[in-house]
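Q: After the structure tokens below, expect a handful of questions from me.
The values are calculated or read from the model by the stated rules, or taken from the named source; none is laboratory data. The structure presented is a predicted model; accordingly, all values stated were derived computationally and were not measured. Cβ atoms come from the backbone with ideal geometry, glycine included; neighbour counts cover every protein chain shown. For the accessible areas, the whole protein counts, side chains as well, though only heavy atoms, and no ligand, DNA or RNA atoms are used. Shrake-Rupley method; radii C 1.70, N 1.55, O 1.52, S 1.80 Å.
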Amino acid sequence: MSEHKPRKSPEKKMPKAFGWMAEYQDENNLLVAARKVRDAGYTKTDAFTPFPVHGIDEALGIKPTVLPFIVLSAGLTGLATALLMQWWMNGVDYKYIISGKPFGITPASIPVAFELTVLFSAFTAFLGMIALNNLPKFSNPVFTNPRFDRATNDRFFLYVEAKDKYYNRESVKELLSGTHPDSLDEVIEDTTPSELPRPIILAALLLVVAGLIPAMIILNMRAGFSTSPRFHVFFDMDFQPKKKAQQPTTIFADSRIMRPQVKGTIGRGQLDEQEPFYLGYDPAKMTAIDNKNLSVFVSTQAAKLPDTSAQTPADGSPQTAPMTTPPAMAPGTPALNLPWTEKLPIDANEETMALGKLKFETYCAACHGYAGFGDGLVHKRADSLAQGYWLRPTSMHIDRVRNQPVGQIFHTITKGQGKMASYAASLNPKERWAVVLYVKALQKSRNADIDDVPVDLRSKLDEVKK
Amino acid sequence: MNLNYEKSSIELPDAWRAKSPILLSAGLVCLFIGMGCAFLGSANGEDKSQGFRYLTHSYLANFTFVFSFTIAALFFILVQFLTRAGWSTSIRRLAEILMMMIPYLALLFLPILIPLYWGSSSLYEWNAKDITNSVVASKATFYLSKEFFTLRSVVYFAFWILAATWFFRLSRAQDESGDTELSLVRQKWSGPLIMVFSLVTSFAAFDWLMSIDADWYSTIFGVYLFSGSMMGFFAMMIIISMLLQKAGKVQKLVTVEHFHDMGKFLFGFVMFWSYIAFSQLVLIWYANIPEETIWYQVRLDNGWAVFSYSLIPIHFAIPFLFLMSRHVRRNRIALTVGASWVLFAHWYDMTFLVMPNAGPLEVMPLFGHFLGGVGMLCIFGAMFIQRASGVPLVAMRDPRLPEAMSYTNPIL
């Protein structure tokens, strides 16, 4: 029992004591005992119950935790992170127009801010709880006593730790005896060996090594080369028994996988293709057309492109788009001599005019402008970007367009022309004709004569002048 | 659990009963002066129809303000039975009294209904003879007709009153008999009733408040109103319990734990309202469709912008931060301050919902509207005293009362 070498003293064999554990049959006894212990001044205490007992915190004298404040600061950090991140990303670093919304912090930033606030708070609450409870703890001396197993079943335990600054082995025992526990045991050190069994260590090592194998294979493949064909995980997805458009086949004698229309059948919408109302020209008269012009009509609706090299300066820098002459209709192009519909097939009245105006302003004005000068918002935006390859939308008021029959304008809307896409999906034929009517009215409005104004309305013009 | 009690401790204070007529007359005077201010105070003095618009809109907003407490009370009762809640038993009777005020408030609804039959369209523009500025109202002539509107309102009130009365009767019967079966019956029916309740209340919100702008619609509007109502209801419950305790009643029965729980609900519904209000805003803001954004446009134009933006601090930030702490919720004075603020915020929200549709923000009509709100609250108080007279303020023989008494909030 040398004081110089306490580690080797025989007392080392005595298990270390951690405190006293009292056992009770019901929660009321526990509460009474806990209050007694609290009133005696002990603070390093704990209770173990099979279910949450109301009032146990107060009976034990547990102080409110600081966790809420930690969570609050984490939540505010999350909020600030989210707002700063979005302000920086969308307002400073990478301004990107999304649906014309403003940059930086917008109402759309709030959900993200909310999410991050909750995320930071939740993680902090969880991890903070773990940390404040000194978890994870793989072993606790209270488990040494087999009676303690009933803490999760039907018994209530009160534990006074030896770490308490007023702890005195005898006086605590006396105090707890006074609360009439079912049993009163000293919590002693677990003397069973604490090393992991060898097979477990071995198995863990094996697992770690096995876990490295996929990573090694991948690294090896990344670094090396292979001549064997690619490995197909889903073979039937990579090679499907089907043919795509334009591919040859051996199934049919003519080797075409796309089948021609069966004779004597009519496809959906095909009947419409016979009517000038749906086409803008009379298909019956098409046979009388010069074949050369017809091929132009069918292929590109336009003749060859103008010589672009003439427009591009020698240094290759892009040039501003030509103002009025679109390339599709450069001088010298043979005029299309097609049987265009000359007469509007719908009634020209207030109603169709209003419809045409509505549709024009919805679909056309974005590029062509409200007055049809080819100066819509899209053009203005593209022009301000000055990227060089933008072609100004056609003005409705140049001679070429003004001289077009209504059928040709209709055809342009239906099939599109140049960069302009087809609007057949957005506008039904009647609406397209109404737009044609409106375009014609726009053109007329720029070239009107006093004779076009009804006599009884001319006096109004003078009023407008004033 | 010892439940011996003085019978007088769970009765309405005698002093209050004497005050009921004073409160009623003060309320009526306030309401009339307020409505007069709204009517005459418009800067556009020539145009009396504008003044009348302020008046009718103000009445609707103030009516909804007090009415929302009662339907929220009904919902609260239904939820307590649906979840077999024990903690709330000692405050449940107060909520039951609140929900039994729905018949009284049905009377206050008449001034909204009757002008429709004069042909007045100042509040509900769809009632005009020739509707010019509303596409929906000119098409939905059957749904938005005064007859069908009246029928729907009658159905709503019938449902609320029947449900509330039945629950109240059973609760009162239990006061006499202490029969557990009476709790089980209510428990059984709370589920189906709550489903009908949510539909009825949503449609009432659509009809009464959303249809003042017939072209605008928001499917979340019913939930919006519900969230604000629940918030206002808990504020009301806290204030009533507080006043009762100050008068020396229900002191042992409504403990700090109950205040804490009501405070938690108050806090929760402040958050819930913000969540719903923002959900409505962000979708409309993002889609940016004129027929939807018009509602916010009205609330941000004509001088309403500052008023509307103030909703964010008044209805969300300030009460949210104030009520966040447990110590505030467990301190009766602080909690009552918070509840009073929230009550004001709820009135502010109702004003935000209704008044911008009446016209531009003008000081006198808005002041009149506020005075009308105070008057309506006084009338509500008088009605509460009337309704609570002769009714024990706590359901003393409810089998769950001991649970409510022994309930404590865990220390975090």
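Q: Could you please find all residues in region A:128-166 being hydroxyl-bearing (S, T, Y) and at pLDDT 90 or above?
A: A:T152, A:Y159 - these are the residues of region A:128-166 that are hydroxyl-bearing (S, T, Y) and at pLDDT 90 or above.
Here's the yes/no breakdown for (1) within 14 Å of chain A (Cβ to nearest Cβ); (2) crowded, with 19+ Cβ neighbours inside 10 Å; (3) without any contact (Cβ under 8 Å) to a residue 60 or more places away in the chain:
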residue: B:P365; (1), (2), (3): no, yes, no
residue: B:G368; (1), (2), (3): no, yes, no
residue: B:V374; (1), (2), (3): no, no, no
residue: B:M383; (1), (2), (3): no, yes, no
residue: B:L393; (1), (2), (3): no, yes, no
residue: B:E403; (1), (2), (3): yes, no, no
residue: B:T408; (1), (2), (3): yes, no, no
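Q: Does A:S99 satisfy being open to solvent by 50 Å² or more (accessible area, probe 1.4 Å), modelled with pLDDT under 95 and either within 46 Å of the chain's Cα centre (by Cα) or not charged (D, E, K, R) (or both)?
A: Criteria met by A:S99.
Q: Please go through region A:106-120 and give me each residue that is over 18 Å from the mean Cα position of the chain (by Cα), within 12 Å of chain B (Cβ to nearest Cβ) and surrounded by 14 or more Cβ atoms within 10 Å (Cβ to Cβ), ordered by number.
A: Of everything in region A:106-120, just one residue is over 18 Å from the mean Cα position of the chain (by Cα), within 12 Å of chain B (Cβ to nearest Cβ) and surrounded by 14 or more Cβ atoms within 10 Å (Cβ to Cβ), namely A:T117.
Q: Go through region A:30-39 and count every residue that is open to solvent by 50 Å² or more (accessible area, probe 1.4 Å) and either aliphatic (A, V, I, L, M) or modelled with pLDDT under 90 (or both).
A: Qualifying residue count for the region: 1.
Q: In region B:221-339, which helices (runs of 4 or more DSSP H) lie fully inside it and hold 3 or more residues that are away from chain A (no Cβ under 13 Å)?
A: The helices (runs of 4 or more DSSP H) meeting that bar are B:221-246, B:256-287, B:290-300, B:305-311, B:318-323.
Q: When the residues of region A:147-177 are narrowed to those that are out of contact with any strand residue (DSSP E or B) (no Cβ under 9 Å at 6 or more places or on another chain) and assigned to a helix (DSSP H, G or I), which ends up surrounded by the fewest Cβ atoms within 10 Å (Cβ to Cβ)?
A: A:E170
Q: Now, a different point. Whether any residue in region A:48-69 is under 29 Å from B:F278 (Cβ atoms), touching a residue at least 12 places away in the same chain (Cβ under 8 Å) and either in a helix (DSSP H, G or I) or charged (D, E, K, R) (or both) is what I want to check.
A: Yes, because at least one residue in region A:48-69 is under 29 Å from B:F278 (Cβ atoms), touching a residue at least 12 places away in the same chain (Cβ under 8 Å) and either in a helix (DSSP H, G or I) or charged (D, E, K, R) (or both).
Q: In this structure, is B:L40 at pLDDT 90 or above and of a type in the set (A, V, I, L, M)?
A: Taking the combined requirement at face value, the residue does not satisfy it.
Q: Mind counting the residues in region B:200-211 that are in contact (Cβ under 8 Å) with a residue 60 or more places away in the chain and surrounded by fewer than 21 Cβ atoms within 10 Å (Cβ to Cβ)?
A: 1
Q: Among the residues of region B:222-238, which ones are open to solvent by less than 10 Å² (accessible area, probe 1.4 Å) and under 9 Å from the mean Cα position of the chain (by Cα)?
A: If the condition is that a residue be open to solvent by less than 10 Å² (accessible area, probe 1.4 Å) and under 9 Å from the mean Cα position of the chain (by Cα), then B:G228, B:S229, B:M230, B:M231, B:G232, B:F233 are the ones that fit.
Q: Same structure again: With touching a Pro at 6+ places or on another chain (Cβ under 6 Å) and either of a type outside the set (D, E) or open to solvent by 40 Å² or more (accessible area, probe 1.4 Å) (or both) as the only criterion, which of B:V250, B:V270, B:V256 stands out?
A: After ruling out the rest, the residue left standing is B:V270.
Q: Hey, another quick one. What are the residues in region A:58-85 that are within 14 Å of chain B (Cβ to nearest Cβ), open to solvent by less than 50 Å² (accessible area, probe 1.4 Å) and farther than 19 Å from A:G128 by Cβ, if any?
A: Matches in region A:58-85: A:A59, A:L60, A:G61.
Q: Now a separate question. Collect the residues in region A:248-275 that are in a loop (DSSP other than H, G, I, E, B), open to solvent by 80 Å² or more (accessible area, probe 1.4 Å) and under 30 Å from A:F410 (Cβ atoms), keeping them in residue-number order.
A: A:M258, A:Q261, A:I266, A:R268, A:E275
Q: Then there's this: Can you pull out every residue in region A:384-405 that is free of Cβ contacts under 8 Å to residues at least 40 places away in the same chain and more than 20 Å from A:A421 (Cα to Cα)?
A: Within region A:384-405, A:S384, A:L385, A:D399, A:N403 qualify.
Q: Which residues, counting only those in region B:1-37, are in a helix (DSSP H, G or I), open to solvent by 70 Å² or more (accessible area, probe 1.4 Å) and either at pLDDT below 85 or under 14 Å from B:P360 (Cα atoms) (or both)?
A: B:K7 - this is the single residue of region B:1-37 that is in a helix (DSSP H, G or I), open to solvent by 70 Å² or more (accessible area, probe 1.4 Å) and either at pLDDT below 85 or under 14 Å from B:P360 (Cα atoms) (or both).
Q: Identify, from the list A:F103, A:F123, the residue that is away from chain B (no Cβ under 13 Å) and closer than 25 Å to B:A277 by Cβ.
A: A:F103
Q: So, one more: Suppose the filter is over 27 Å from B:I284 (Cα atoms), outside any helix (DSSP H, G or I) and within 10 Å of chain B (Cβ to nearest Cβ); does A:I98 pass it?
A: Spelling it out, it is not the case that A:I98 is over 27 Å from B:I284 (Cα atoms), outside any helix (DSSP H, G or I) and within 10 Å of chain B (Cβ to nearest Cβ).
Q: Here is a follow-up. Report every pair of residues separated by at least 6 positions or lying on different chains whose Cβ atoms are under 9 Å apart, first residue within region B:36-48 and under 20 Å from B:G372 (Cα atoms), second in a loop (DSSP other than H, G, I, E, B) and modelled with pLDDT of 80 or more.
A: As it stands, the answer is B:A38/B:A358; B:G41/B:E362; B:S42/B:G359; B:S42/B:E362; B:A43/B:P360; B:A43/B:E362, since those pairs meet every condition given.
Q: Please specify each residue of region A:33-47 satisfying the condition of being touching a helix residue (DSSP H, G or I) at 6+ places or on another chain (Cβ under 8 Å) and either free of Cβ contacts under 8 Å to residues at least 40 places away in the same chain or not in a strand (DSSP E or B) (or both).
A: Those that are touching a helix residue (DSSP H, G or I) at 6+ places or on another chain (Cβ under 8 Å) and either free of Cβ contacts under 8 Å to residues at least 40 places away in the same chain or not in a strand (DSSP E or B) (or both): A:A33, A:A34, A:R35, A:K36, A:V37, A:R38, A:A40, A:Y42.
Q: I need the full set of residues from region B:96-120 which are in contact with a Ser or Thr (Cβ under 8 Å, 6 or more places away or on another chain), more than 25 Å from B:H57 (Cα to Cα) and assigned to a helix (DSSP H, G or I), in order please.
A: Result: B:E96, single match.
Q: When you check B:V66 against the structure, is it among the hydrophobic types (A, V, I, L, M, F, W, C), open to solvent by 60 Å² or more (accessible area, probe 1.4 Å) and at pLDDT 90 or above, yes or no?
A: So B:V66 does not fit the description; no.
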